[in-house]
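Read the structure below first, then the notes.
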Amino acid sequence: MTTSFGDHPHTALLKIPSGEPNGSKHEIPCTFEGMDGKNLRLEAPERIVLSAPVSVEYSDAMFLGEVVSCQRGTGGVWELHIKVHQILTGLQSLCILRSQLLGEGTTAPARGFAPVSGSTLN
């Protein structure tokens, strides 16, 4: 599968472990540039260390993987390639269902959801 978006920017959110004992994550807004097979392409405003475990939230999916390439691009951005190990989909629906089941009374998707199920790439 190959996807690419040309001139239309697509905002995504890259999350990497912060190294803090509480397990918090550093969030970096980035641009989703496309996907070739298991290779996700992003542009980010900062350098990400190679082999870092990451998650990328884009549209209604979460991509879990590791950074395999990070090169300085034009315009001060970093071009990232992430080897995707798993894709979780239907996240907004799961958050709404969780909210309804827990009686939270909101239908807005929650931030910081836990991966529950999804598609596995082999």
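Entry remark, the range 31-47: residues being exposed (fewer than 15 other Cβ atoms within 10 Å of the Cβ) and among the charged types (D, E, K, R) number 3 in total.
Residue by residue through the range 67-122, note down the ones that are over 20 Å from the mean Cα position of the chain (by Cα), at pLDDT 65 or above and either of a type in the set (Asp, Glu) or more than 29 Å from Glu46 (Cβ to Cβ) (or both). Those that are over 20 Å from the mean Cα position of the chain (by Cα), at pLDDT 65 or above and either of a type in the set (Asp, Glu) or more than 29 Å from Glu46 (Cβ to Cβ) (or both): Leu97, Arg98, Ser99, Gln100, Leu101, Leu102, Gly103, Glu104.
The values are calculated or read from the model by the stated rules, or taken from the named source; none is laboratory data. These figures come from a predicted structure and were not determined experimentally. Cβ atoms come from the backbone with ideal geometry, glycine included; neighbour counts cover every protein chain shown.
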